[in-house]
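Worksheet: the structure to be examined is printed underneath.
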Amino acid sequence: VRNTRVVDCAGGYGILVRLLRDFGIDALWSDPYCKNLVAVGFEHNGEAASLVTAFEVLEHFVSPSAEIARLFEIAPNILFSTELIADPAPKVTDWWYYGANHGQHIGFFRERTLVYLARKFNKHLCTDSHGRHLFSEKPVSKFVWKKNFMIERIFPGFFSRKLKSRIWSDYQHMSSSE
């Protein structure tokens, strides 16, 4: 993780990028539909990355396969969230995630769809079978995946304890570019 670059796609105001950088992760922001307010100066400009994050993004894609292909052009691994839809699909009134009040969720996924997409892109899928998912170059043990989330929940900051915050170096970078 120390030498890994992360690009947050659909990064909104840049909050996740700023938090990741504060923990010591080399994170960059990308979002064609939102203004970067919090991670200014750390925009993704085509730099190579190891991981793309795409939280609450896939359900907005008009062409999910094409958009996922675009994300894989940035990095070989995608960590993303999207709630999986039940089979059979619930009625609109029975599932909050449809987002009927805002109409912005236009695509929904089942685990078998994510498996299909992983295979299509020659990737491995690791999922909690609910909302957190990873398309990866190398297989990830489902046991390790679940254990890591449990450790982080019980001991917040456990995995970031060896990282060095980028707050000071980011301040220096921003000061020198003014």
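Structure data summary
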| read-out | value |
| --- | --- |
| Shape metrics for the range 7-64, restricted to C-alpha atoms - Rg then Dmax, Å | 11.0, 34 |
| Helix 142-154 vs. the chain, principal-axis angle (Cα, 0 to 90°, nearest 10) | 60 |
| Extension gain (nm, one decimal) between GLU137 and THR113, 0.36 nm per residue minus Cα-Cα | 6.8 nm |
| The chain - percent of accessible surface contributed by carbon and sulfur, probe 1.4 Å | 58 |
| Within the chain: Cβ-based charge dipole about Cα centre, in debye rounded to nearest 20 (Lys, Arg +1; Asp, Glu -1) | 740 |
| Theoretical gain in end-to-end length, GLU152 to SER50 [0.36 nm per residue, Cα-Cα removed] | 34.6 nm |
| Selection from SER169, SER136, SER30 lying farthest towards where the dipole of the chain points positive, charges on Cβ | SER136 |
| GNM flexibility winner over the chain from PHE109, PHE143, PHE55 (Cα, springs under 10 Å) | PHE143 |
| The chain, relative contact order [Cα under 8 Å, separation at least 6], % | 20 |
| Whole-number accessible area per residue in Å² for the chain, which is evaluated in the context of all protein chains at 1.4 Å | 61 |
| Helix-only mean residue ellipticity at 222 nm for the chain, each DSSP H run of n ≥ 4 adding -39500 (n - 2.57), per residue, nearest 500 | -9000 deg cm²/dmol |
| Nonlocal amide H pairs with LEU51, under 5 Å, H built at 1.01 Å | ARG5, VAL7 |
| Mean Cβ neighbour count within 10 Å, used as a protection proxy, ranking 111-117, 80-86, 25-31 highest first | 25-31, 80-86, 111-117 |
| Gap separating the Cα centres of the range 79-112 and the range 13-44, nearest whole Å | 27 |
| Vicinal HN-Hα couplings computed from phi for the range 73-80 (Karplus, 6.51 cos²θ - 1.76 cosθ + 1.60; Hz; Gly/Pro x) | 5, 7, 8, x, 10, 10, 9, 9 |
| Close Lys-Lys pairs in the chain, where close means Cα under 18 Å and separation is 8 or more or interchain | 5 |
| Label-reachable residues, the range 69-91, where backbone N falls under 13 Å from a point 7 Å from TRP145's Cα toward its Cβ | 78-82, 84 |
| Among LEU117, PHE61, TYR13 - extreme Cα towards positive end, dipole of the chain, charges at beta-carbon | LEU117 |
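The values are calculated or read from the model by the stated rules, or taken from the named source; none is laboratory data. From a predicted model like this one, the values you see are computed outputs, not experimental measurements. Backbone-built Cβ (ideal geometry, glycine too); neighbour counts: all protein chains shown. These area figures cover heavy atoms from the full protein model, side chains too; ligands, DNA and RNA do not enter into them. Shrake-Rupley method; radii C 1.70, N 1.55, O 1.52, S 1.80 Å.
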